[in-house]
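Contents: one structure, followed by commentary.
Here, each number is a calculation from the coordinates, and none is a lab measurement. All values reported here derive from a predicted model rather than from experimental measurement. All Cβ positions, even for glycine, are placed from backbone atoms using ideal geometry, and neighbour counts span all protein chains on display.
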Amino acid sequence: MKGFKITQDDGAAVITTEPPAAPERPASPSAPGVQIESLLTPAEVATMFRVDPKTVTRWARAGKLTSIRTLGGHRRYREAEVRALLTGSVQNAGR
C-alpha cells in the first residue's frame with residue numbers, strides 16, 4: 001500500500017501512515033550556474049526615465065523596449081536593457 005507502513009509489534013499489526021515522498025524540485029536560483037535576471041515594473045522604468053508608466057507600455061508595444069509578461073499578464077522589463085537604453089539616451093541628449 002502506498003503511503004502506509006505496516007509493522008508488527010509483539011504479534012499485532014500496526015498500520016501507520018507515511019508522508020509521501022517529496023517530488024524532485026528544479027534547481028534553485030542559488031544553484032551554481034543559475035543566474036537571476038533582475039526585472040523592473042513599468043512604474044520603476046517610468047521613474048528612471050521621468051515619464052508616465054503608460055509611456056513605457058507604449059515603448060514596449062512599439063518595440064523600443066523588450067517586455068516579459070508575468071503569469072498574470074503584467075509587463076516586466078529587463079533592468080540591464082533599461083539601463084543600457086537610459087545610458088544611450090543620456091549620451092544622445094548631450095550632443
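How much net charge surrounds Thr55 when only other residues with a Cβ under 12 Å from its Cβ are counted (Lys, Arg +1; Asp, Glu -1)? Walk me through the numbers on the way to the answer.
Details: positive: Arg50, Lys54, Arg58, Arg61, Lys64; negative: Asp52.
Once positives and negatives cancel, what remains is +4.
From the phi of every residue in segment 35-41, what ³J(HN,Hα) in whole Hz does the Karplus formula 6.51 cos²θ - 1.76 cosθ + 1.60 yield, where θ is phi - 60° and glycine or proline is x?
Along segment 35-41, the couplings run 10, 8, 8, 7, 10, 10, 7 Hz.
Which whole-Hz couplings ³J(HN,Hα) result when phi for each residue of segment 69-76 is put into the Karplus expression 6.51 cos²θ - 1.76 cosθ + 1.60, θ = phi - 60°, listed in order with x for Gly and Pro?
Using θ = phi - 60°, the values come out as 9, 7, 4, x, x, 7, 8, 9 Hz.
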